[in-house]
Every structure is written in structure tokens, then in C-alpha cells.
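K.L.:
Take this structure first; my questions come after.
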């Protein structure tokens, strides 16, 4: 993930936003309030609709917030203030970048799912694609996942992870990923941080809904204890 650089003295920074972007609305202390999508940009404000269909909390006008907007190859965090709201959408204006290096890619959901993965053609090694091997998904977001397995790979190699079950009785997912981080976790077990590639808007929406479903179920279980 790359950060938007600070402008040089005397320069004006142009920040491009557009409808349909996934956005995380957070407190200034980085506590997630909700995940949404940009509905429209109008009169200097960005309208961000809650993505899961839940009701948004009441909010005071001029409440300061941080918003992380996701683009295809990077993300940008902007500070702003809420200037209007409904139960499904907030309007946020006075957005500006603090130029802080915030590297987290999407709000991650911890899970434990056993799946099958296959590596494409090995980087700088040649040879045909590998066979499928077992691995475990440790967490997932709309932008990528963390997996563990016994196989050894390097950053930049690509994986195909198939039939990932996230929600009972719902269709499984198949992800094309590129390894962004690689490292040994325990002896004989390696962890890989993977970024999704070529995830269609439809599949991204379906993935977000699955993550929201998992979160709601966890909240329900905690309340029942």
C-alpha cells in the first residue's frame, strides 16, 4: 500500500475520490465506526452510505472523523467533520490529509478456515504451476487475507485459493492473490500476507457482506454469554 505524499510548499494537492469507493469511517483514535461506500460527492461533501444495511449511530454535527478511502492499488486516510447524517448515511466535509503513514489494509476479521491453495508459476524459478496444498486462512478483509501453511514461498509470488467457505449455506469464494509479506511463524509453519487481485465489484460486495455477517454473529455470541 502506498501513501499520498505531502505536497511541497506552494503546491496544491489534488485528491481524487469517486462514487462506489469502499471507505472506513473511524474516530480520530482509529476506532472503526462503520464500513461504507461513497454514494456521491456533492457541494464539497462526501456522502458515505453504510454498506451492510445496519443503522448508523446518532452523530453531532462537526464531529471529527477519519476516513480511509480504498483505491485499486492503494488507500488514503483523510481527516474531516460530519456535516449531516441519516440513519443510513453520513455526509463528511472539510476533508484533508494529515500525510500520516497508516498501512493497515481494510478492517480485518479473524477467522480460522482450512482451504486448498495453489501457487502459479514460481518467480525466477521456472517450472509448471504447483499442485494444490492445504493451508489455513487466519484473517480476511475486502483487500486480502493472512494464511499459514507448510509451503515456502517468496514475496511477489501468486496464489489461487479455492472454495473458501465464510458463511454457512452461502457460495464459497475463490481468490487470486499476490504474496505481499512472507515469514516463518513457527517451525515448519509459514505465514503469508496476501493481496487480492482482479476481485470484481460484485465479489467484493459479496465478501464485505460475508465479513459483516461473521462480525454480527460474533457480537451475538458475546451478548449471549
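K.L.:
May I ask you to order 21-33, 74-86 by the average number of other C-beta atoms within 10 Å around their residues, highest value first?
P.N.:
74-86, 21-33
K.L.:
For the range 22-97, what is one quarter of the convex hull surface built on the Cα atoms, given in nm²?
P.N.:
Projected over every direction and averaged, the Cα hull of the range 22-97 covers 4.8 nm².
K.L.:
Any chance you could check the Cα centroid distance between the range 17-72 and the range 195-219 for me, in angstrom?
P.N.:
17 Å
K.L.:
Right, something else. Label-point separation (nm) for residue 215 and residue 154, each offset 7 Å from Cα along Cα-to-Cβ?
P.N.:
My value for the distance between the label points is 3.8 nm.
K.L.:
Another question, if that's okay. Considering Cα pairs under 8 angstrom that are at least six residues apart, work out the relative contact order of the range 22-97 and quote it in whole percent.
P.N.:
29 percent
K.L.:
Return the FRET efficiency for the residue pair residue 71, residue 94: r is the Cβ-Cβ distance, R0 is 22 Å, and the value is rounded to the nearest 0.05. Could the numbers behind the result be given before it?
P.N.:
Numbers: r = 21 Å, r/R0 = 0.95.
Step by step, r from the Cβ atoms, then E = 0.55.
K.L.:
For a quick protection proxy, order the peptides 137-144, 215-222 by their average other-Cβ count within 10 Å, most packed first. Intermediate values should be presented prior to the final figure.
P.N.:
Details: 137-144: 20.9, 215-222: 10.9.
The packing order, highest mean first, is 137-144, 215-222.
K.L.:
Continuing with this model, one more query. What shape does the range 144-225 take by its C-alpha gyration tensor, where a ≥ b ≥ c are the square roots of the eigenvalues and a/c under 1.5 counts as rounded, a/b above b/c as prolate, and the rest as oblate?
P.N.:
Oblate, because a/c is 1.5 or more while a/b does not exceed b/c.
K.L.:
Hey, another quick one. Using a basic spin-label model with each label point 7 Å from the Cα along Cα→Cβ, how many nm lie between residue 87 and residue 184?
P.N.:
The two pseudo-label positions are separated by 5.6 nm.
Values in this text are rule-based calculations from the coordinates and carry no lab data. Quick caveat, the model's predicted, so the values are computed rather than measured. Note that we place each Cβ from the backbone using ideal geometry, even for glycine, and neighbour counts take in every protein chain shown.
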